[in-house]
Structure formats: C-alpha cells, structure tokens
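Beneath this line is the structure, given in structure tokens, with notes to follow.
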Amino acid sequence: MHCSKEFRAANYNETMISGTFGAVKRSSPIIEMTKDGFAFLVMGFRGEKAAKFKEDYIAEFNRKEEELRSMYLPAEIDLDDSYQRDMLALRLLSRVDQSERRAKQLEAQVQVAQLQITEVKAEVEVVSTQLAIAAPKAEVHDRIVKTKKLMLARDVAALLSVMEKDVFAAMSQAGWTHKVKRDGSWHAYAAARKSGYVQYKFGHTPTGVPTETVCITGRGLTRLATMMGSKVSQLDLLSSIGHLHQ
C-alpha cells in the first residue's frame, strides 16, 4: 500500500487474534486501523501521488474538523437549556454542511488532477513517439553537417534540384556572400565563414594565378535546404554527397 511511514505507523497496527476450533488453537493476523486509515482505503486511487493527496486531504479535513469543533462546541453547555441545544444543533449542521462542501471541492480537485495526469501521460507518449521518429533523421542531419566535403554552388543546386543562380541568391539574401561588381566574383562574409556555412577553396589557374572559390559546407547545405524549402530528403542528400568529387 502506498502511504508514508508516518501515516502507516499512526493509523495501522498489525496484531494477532487467537481462537480455539475444537481441539485446535489458531492465531491469525489482523490489521487494526483508525478512522483516518479507513478513510484512506475507501477513497480509492492508487499510486504515490494519489497517496500523498489522500494524506493531505485527511490532514486538512481533520484540521478543519478540529477548527469547527473549537468554534462551535463550547467547553461547557447546558443541555437542559433548549436555546443552547438548538444553537448547538444549528452549529453542528453548519459544520456538516461546510465539511460536505469542502469534501465535494476536494473530490472535484481529485478528478481534475486525475484528468491532468491522463493528459500528461498522453503527451509523454506522443513526444516519445516523435523523438523515436526524429532520432534517425537527427543522425542523418548530423552526418551531413559533419561532412568534410566542400560543395560548389552548382553541386548544391543539383542536390536540391534548383538553379545555380537561386543558390547564390539565397546565400546573398542570408548574408553569407556578396558579388563583387568589379569582376563579378562571389566573396564570403567572415561571419558566415565563422558560422561554418561557407568556406573558401583555394587553388591556381593554369597560368599560376591564385584563386579562391566560395564553397558550401555540409552545415550550409542543410541550412540552404531549409531556407529554399527543398523537398529532397536528408537521407537522399547524404547519399548524393557521397558521390560528389572533392
């Protein structure tokens, strides 16, 4: 039975009773209980949270009962006085009425709490299912982000099934790159490089002139896919990245 050690010790006592049946003397265990212990059992509801609520309910009921008793039951009353008897009866009826209303309020609170517990359990099940579904997707996403391959804009365009110019437009709008009017080349902003969305790939022309080309990282690819509303699955992206030449 779920209840605190203090409540168990105060309200339940295991003892033995003995009886003689013919020539046989037998002993059987019984549980003696207080009215609070009996109330705890008849309230129903199982579990640790329900037990805590029932103990609090009983304690509050006892407190109110004692408070009302001190208010409405004077230490000395003349039962031969009809006026005092009538006033005592009215006070007792008022106490019963208040106790019943309080009991109904607590019962309503129990029902609300039970409903809330049911709703929370349902939400936990939904979230658990969503997490189970999302876990493989998150793993694929992480593998794309961690890829060491640097992709040209035309590579990303092919992966996302869009035009290359749209990739450059999206990067420019996101504040990753800007186009140099002087020669029409694309340059990456330092903040975008620091965030890991784009990087420079350095090389040389056939004549030995140094070059730097803006490339998109795996992190940048996943971000562009979201920004451009791509319907290509991340699993397909991961598979396609594996076929790209570095």
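Flag: residue 190 matches the condition of being more than 30 Å from residue 233 (Cβ to Cβ) and small (Gly, Ala, Ser). If the condition is being out of contact with any Ser or Thr (no Cβ under 7 Å at 6 or more places or on another chain), at negative phi and outside any helix (DSSP H, G or I), then the range 27-65 contributes 28, 29, 31, 33, 34, 43, 46.
Among strands (runs of 3 or more DSSP E) entirely within the range 138-246, having at least 1 residues that are small (Gly, Ala, Ser) singles out 186-188, 198-204. Being of a type outside the set (Gly, Ala, Ser) and loosely packed, with under 12 Cβ neighbours inside 10 Å holds for only one residue in 211, 217, 222, and it is 211. Being surrounded by fewer than 14 Cβ atoms within 10 Å (Cβ to Cβ) and in contact with a helix residue (DSSP H, G or I) (Cβ under 7 Å, 6 or more places away or on another chain) is a property that residue 154 has. On the basis of being modelled with pLDDT of 85 or more, touching a helix residue (DSSP H, G or I) at 6+ places or on another chain (Cβ under 9 Å), part of a helix (DSSP H, G or I) and polar (S, T, N, Q), does residue 105 make the cut? Here the answer is no, as residue 105 does not meet what is asked. Filtered by the rule that a residue be loosely packed, with under 13 Cβ neighbours inside 10 Å and more than 20 Å from residue 155 (Cα to Cα), the range 190-203 gives 190, 191, 194.
The values are calculated or read from the model by the stated rules, or taken from the named source; none is laboratory data. Note that the structure is a prediction, hence the values are computed from the model and not measured. Here Cβ is always computed from backbone atoms with ideal geometry, including for glycine, and neighbour counts include all displayed protein chains.
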